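Colleague: Handing you this structure, nothing more for now.
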Amino acid sequence: MPAPAAWRPRTKFQNRVWLHAALFASTIATTTVAGASHYQAFRAEFLPSAIQLPLAAWLLRGFWYSVTVLSILGAHELGHYFACRYYDVDASLPYFLPFPPILPIGTLTGTFGAVIRIREPMQTKRVLFDVGVAGPIAGFLVAVPALVIGMSLSNVIRLPNPLPPSLELGEPLLFRAASWLFFGLVPDGYTVNMHPVAWAAWFGMLATALNLMPVGQLDGGHISYAVLGRRSTYVTFAMIGVAVGLTYFSPTWLFWALFMVVMLVFVGPRHPRTFDEHIPLDRTRLVVAACAVAMFILCFTPAPINEVGGALR
């Protein structure tokens, strides 16, 4: 006799595939439109007259950005997902989040990012650490070659004077290293004209850095708790203060600081406990944790996006 439905154990890794597919298709559309905008700016080189191309040609160029950014975000989330599968921790497939280009930030990114839903708690710090760090490592391994390819397709141009209203992107250390590798020291009055693939790599690095911030339920919060245990709560509060302080350099940090505060209000500042909280991580995972810190440093910028314009000095 079959057990009543309420008594049957829920099958793991069940997904509404149609929903994931619909969100993914929508995000392809929004990121392609964003990519077309990036390609138009790349071709225009700050000139007032736009380059005229058929719509299909614009969308094809925009697809370069879409493929790159979704590969980085997808690798990140699939890193988490396959780590969950390895440890038999129930999790969903990635949810890609489209961002229609109705606001300036939507035109820049075309997506809010991607997430997976982990449906059961992780019992040990080892599992928590491996699942938490797998995503940033996978995304980083895709973002680095994307950055190299994007820089090889970019060029250096002279800035107009006066400079029209535009957005200035912060340069993470990894971005600066790639720029120096291809173009050397860019002189004053010039800038790197970023190809859409380079744009996607830059956004992927920003997403990696934000996720690695050691706060709450972010990937960095999982890593911090696995390494520090209950002391990670102090790191969480310190990073909230750092995020608030960074609003001095760029107002874009205000949104992220508010997001982290809201997250802590709903889930609490303390990370959910594992039963082996008092047992230190092994040396190999501590080395991987140090690599995660290095990734954060390489991908971080204190001023991600700022508005600029006016005469050059």
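Colleague: Name the residue, out of Ala91, Ala143, that is under 17 Å from the mean Cα position of the chain (by Cα), buried (at least 19 other Cβ atoms within 10 Å of the Cβ) and of a type in the set (A, V, I, L, M, F, W, C).
Modeller: Numbers: Ala91 fails: under 17 Å from the mean Cα position of the chain (by Cα).
That would be Ala143, the only listed residue that is under 17 Å from the mean Cα position of the chain (by Cα), buried (at least 19 other Cβ atoms within 10 Å of the Cβ) and of a type in the set (A, V, I, L, M, F, W, C).
Colleague: Would you say Phe82 is surrounded by fewer than 21 Cβ atoms within 10 Å (Cβ to Cβ) and at pLDDT 95 or above?
Modeller: Yes; evaluated as a whole, the condition is true for this residue.
Colleague: Scanning for something assigned to a loop (DSSP other than H, G, I, E, B) and of a type in the set (S, T, N, Q), does the range 157-166 turn up at least one residue?
Modeller: Yes - at least one qualifying residue is present in the range 157-166.
Colleague: Under 8 Å between Cβ atoms, which residue pairs at least 6 apart in sequence (or on different chains) link something in the range 142-159 that is touching a residue at least 24 places away in the same chain (Cβ under 8 Å) with a partner that is β-branched (Val, Ile, Thr) and part of a strand (DSSP E or B)?
Modeller: Met151/Val192; Ser154/Val192; Asn155/Val192; Val156/Thr191; Val156/Val192; Ile157/Thr191; Leu159/Thr191
Colleague: Quick check on my filter: what residues within the range 219-242 are surrounded by fewer than 20 Cβ atoms within 10 Å (Cβ to Cβ) and not polar (S, T, N, Q)?
Modeller: Within the range 219-242, Leu228, Gly229, Arg230, Arg231, Tyr234, Val235, Phe237, Ala238, Ile240, Gly241, Val242 qualify.
Colleague: Shifting gears a bit: Mind checking which residues of the range 115-136 are part of a helix (DSSP H, G or I) and either in contact with a Ser or Thr (Cβ under 8 Å, 6 or more places away or on another chain) or crowded, with 19+ Cβ neighbours inside 10 Å (or both)?
Modeller: Matches in the range 115-136: Lys125, Val127, Leu128, Phe129, Asp130, Val131, Gly132, Val133, Ala134, Gly135, Pro136.
Colleague: Right, another one. Which one of these is in contact with a Gly (Cβ under 9 Å, 6 or more places away or on another chain) and either at pLDDT below 95 or not in a loop (DSSP other than H, G, I, E, B) (or both): Leu97, Leu60?
Modeller: After applying the criteria, what remains is Leu97.
Colleague: Still on this model: Could you look through the range 146-161, keep only residues that are under 20 Å from the mean Cα position of the chain (by Cα) and not small (Gly, Ala, Ser), and pick out the one that is farthest from Tyr87 (Cα to Cα)?
Modeller: Restricting to residues being under 20 Å from the mean Cα position of the chain (by Cα) and not small (Gly, Ala, Ser), the top hit is Met151.
Colleague: Another one. So how many residues does the range 100-114 have that are aliphatic (A, V, I, L, M) and either in a loop (DSSP other than H, G, I, E, B) or modelled with pLDDT of 90 or more (or both)? Steps first, please.
Modeller: Step one: filter the range 100-114 for residues aliphatic (A, V, I, L, M), giving 102-103, 105, 108, 114.
Now restrict to residues that are either in a loop (DSSP other than H, G, I, E, B) or modelled with pLDDT of 90 or more (or both): 102-103, 114.
Of the residues in the range 100-114, 3 are aliphatic (A, V, I, L, M) and either in a loop (DSSP other than H, G, I, E, B) or modelled with pLDDT of 90 or more (or both).
Colleague: So, one more: Quick one: in the range 208-229, which of the residues that are touching a Leu at 6+ places or on another chain (Cβ under 7 Å) and of a type in the set (Gly, Ala, Ser) is farthest from Ala303 (Cα to Cα)?
Modeller: Top of the filtered list is Ala226.
Colleague: Looking at the range 223-273 only, could you name the residues that are out of contact with any Ser or Thr (no Cβ under 7 Å at 6 or more places or on another chain), of a type in the set (S, T, N, Q) and part of a helix (DSSP H, G or I)?
Modeller: Correct list: Thr233, Thr236, Thr252.
Colleague: Counting only residues that are on the phi > 0 side of the Ramachandran plot and of a type in the set (Asp, Glu), how many does the range 84-124 have? Steps first, please.
Modeller: First pass over the range 84-124, keeping only residues on the phi > 0 side of the Ramachandran plot: 88, 110, 113.
This time we only want the ones that are of a type in the set (Asp, Glu), so: 88.
Total meeting the criteria: 1.
The values are calculated or read from the model by the stated rules, or taken from the named source; none is laboratory data. These numbers were taken from a predicted model, which means no experiment stands behind them. Please note: Cβ atoms are built from the backbone with ideal geometry, for glycine as well, and neighbour counts cover all protein chains shown.
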